[in-house]
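A short worksheet on the structure shown next.
Taken together, the values in this text are just the output of simple stated rules run on the coordinates, not laboratory data. None of the values given here were measured: they were computed from a predicted structure. Here Cβ is always computed from backbone atoms with ideal geometry, including for glycine, and neighbour counts include all displayed protein chains.
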Amino acid sequence: MATVTLTFANELNTSIQVGDTAYYTPTVAVAGGASFNSGNFDTASSSSIVEIGVVTVVTHDNKAIVCDIGPSTPTPDEGDFIFFSKDSQANTSGLLGYFAKFKLRNNSTAESELFSVASEVFESSK
């Protein structure tokens, strides 16, 4: 299988890891309106998302990732928006273990109100 190396000017997202799936979408420059004082910005369409492939190597020092790609997979151009998704089987976001302990702290001197605290809990053994 072929690979592609994507090198970035900025730091990689700290949560990217081997096994994630990388995607890209072309961006289009849009002139800023009255609410955008800084000028132009880029936008992307969710209908033009292209899967690059599975991430096989992550090098934070070199700001690069390597992805496995198919023979006909188009590669992103400079300026395209590149993002990734996690493997839902390996990266769950629930509590693990038999108990949880947490502390809520407000360091503000202004009055605050907490409306709700919630957790996703399930019985893991019986």
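Could you list, bin by bin from short to long, the percent of Cα-Cα pairs of the range 2-85 in 10 Å steps?
It works out to 17, 44, 27, 11, 1, in whole percents.
Quick check on packing: order 15-22, 75-82, 43-50 by the mean number of other C-beta atoms within 10 Å, highest mean leading.
The peptides rank, most packed first, as 15-22, 75-82, 43-50.
How far, in nm, would the chain grow between Thr7 and Val117 when pulled straight, counting 0.36 nm per residue and subtracting the alpha carbon separation?
So the extension gain works out to 35.5 nm.
If neighbour count is taken as other Cβ atoms inside 10 Å, put Leu12, Leu104 in order from fewest to most.
Listed from fewest to most nearby Cβ atoms, that is Leu104, Leu12.
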